Every structure is written in structure tokens, then in C-alpha cells.
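This report concerns only the one structure given below.
The values are calculated or read from the model by the stated rules, or taken from the named source; none is laboratory data. Only a predicted model underlies this, so the values are computations on that prediction, with no experimental measurement involved. Counting neighbours? That spans all protein chains shown, and the Cβs are built from the backbone with ideal geometry, glycine included. Ligands, DNA and RNA are stripped out before the accessible areas are found, and what is left, the full protein with its side chains, is counted by its heavy atoms. Shrake-Rupley method; radii C 1.70, N 1.55, O 1.52, S 1.80 Å.
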Amino acid sequence: MNGAYQFLKKHGVTISFSLGALLSLISIFAIVGGFPEQADKPTLYASGIFNPALNITYLLIAICTLVAIVGPILYMAFNIKESIKFLAIAGAMLVVFFVTKAMGTTPTAEELVVFQGNHNHHLEGADVAFVDGLLLFAVVMIFLSIAAWVFSAVWDTIKS
């Protein structure tokens with residue numbers, strides 16, 4: 001695992017830039033090569049000349065998503081001791097999330113009419129309660145991040 005890390009640390013930017021340039025050239029040649037003369041927009045969209053570029057984009061998004069999810073999971077699996085702190089913080093955040101989500105208040109029928117307005121009749125009380133819980137979660141996380149920032153500044157001052 002360390003060898004792969006060292007290789008990507010040394011050559012990763014070059015590989016990713018080269019791959020991006022190659023895929024961009026493939027997309028450009030596919031579009032330019034299939035570009036019909038004096039075509040209007042509906043003809044261009046119907047021709048499918050943009051499909052290779054879209055497919056390459058979807059492929060890159062899928063690869064990046066996979067790497068972004070699998071990479072940290074593999075790192076945590078191979079470095080359990082270093083991951084304990086992160087897992088504890090993630091667990092605490094999940095607890096705070098579920099507590100604040102449960103604290104979301106369900107509106108009464110009269111309040112729900114206000115939330116629905118003229119165009120949102122699909123809203124239900126549970127939807128409003130969920131959003132209320134998420135707003136509470138955001139407020140708690142902002143408060144905790146400010147508290148951590150202040151604690152860190154005070155700790156650094158005391159430590160030095």
C-alpha cells in the first residue's frame with residue numbers, strides 16, 4: 001500500500017492530467033468529426049455527436065465517486081489506530097444528527113397551510129419536521145465548530 005502511495009504521490013498529477021487531456025481530445029475529435037454542415041440546434045442534439053463526451057464525463061464521475069468512497073474506507077481498514085479518532089467524531093456527529101432530527105417539531109394543520117403556501121401542497125408535516133431537525137443540526141454544528149475554534153485558540157495561547 002505504501003508503494004502505491006509513493007508512486008501516486010510522485011506521478012499522480014502527471015497521470016491525471018494526461019488522462020484528462022487524452023479524454024478531452026477524444027471528446028473534441030468525436031464532436032468535430034461528427035459535426036454536420038449548417039446544422040441547427042435540434043439536428044445537433046439529435047445527431048448524438050455529444051454522446052462520447054457525455055459518456056466520458058459520466059465514467060470519470062463514477063470513477064472519482066468510487067475512489068472518493070473506497071479510498072478512505074481502505075485507509076481506515078488498514079490504519080485502525082489512526083482512524084479511531086475520526087470514527088469517534090463521526091459517531092458523535094451521527095448521534096447529534098439523530099437527536100436534532102428527532103427534535104424537529106411537526107407543525108399543526110394551521111401552520112402547515114402557511115408552510116404549503118400556494119404552490120407547495122405536496123408538503124407534509126413530516127417534511128417540515130425533517131427540515132426543522134436539519135436546521136437544528138446546522139445550528140448545533142456551527143456552535144460546536146465556533147466552540148472548537150475558540151478552545152483551540154485559547155489552548156494554543158496557554159500552551160505557548
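Summary table
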{"read-out": "Helices (runs of 4 or more DSSP H) enclosed by segment 70-160 - at least 1 residues per element that are among the hydroxyl-bearing types (S, T, Y), free of Cβ contacts under 8 Å to residues at least 60 places away in the same chain and touching a Leu at 6+ places or on another chain (Cβ under 9 Å)", "value": "80-103"}
{"read-out": "Residue check, F17 closer than 30 Å to A90 by Cα and open to solvent by 100 Å² or more (accessible area, probe 1.4 Å)", "value": "no"}
{"read-out": "Filtered residues of segment 34-60 (kept if farther than 30 Å from G12 by Cβ and part of a loop (DSSP other than H, G, I, E, B))", "value": "G34, F35, P36, E37, Q38, A39, D40, G48, I49"}
{"read-out": "Selected residue (criterion: farthest from L19 (Cα to Cα)) from residues of segment 66-91 that are open to solvent by less than 70 Å² (accessible area, probe 1.4 Å) and within 20 Å of the chain's Cα centre (by Cα)", "value": "G91"}
{"read-out": "Qualifying residue in segment 32-51 (condition: farther than 30 Å from F137 by Cα, of a type in the set (F, W, Y) and under 24 Å from the mean Cα position of the chain (by Cα))", "value": "no"}
{"read-out": "Selection count where residues are farther than 21 Å from E111 by Cβ and either among the β-branched types (V, I, T) or surrounded by 13 or more Cβ atoms within 10 Å (Cβ to Cβ) (or both), scope segment 138-151", "value": "6"}
{"read-out": "Residue among A102, A53, A109 that is loosely packed, with under 10 Cβ neighbours inside 10 Å and either within 23 Å of G20 (Cβ to Cβ) or in contact with a helix residue (DSSP H, G or I) (Cβ under 9 Å, 6 or more places away or on another chain) (or both)", "value": "A109"}
{"read-out": "Residue among I31, I63, I26 that is under 29 Å from A90 (Cβ atoms) and part of a helix (DSSP H, G or I)", "value": "I63"}
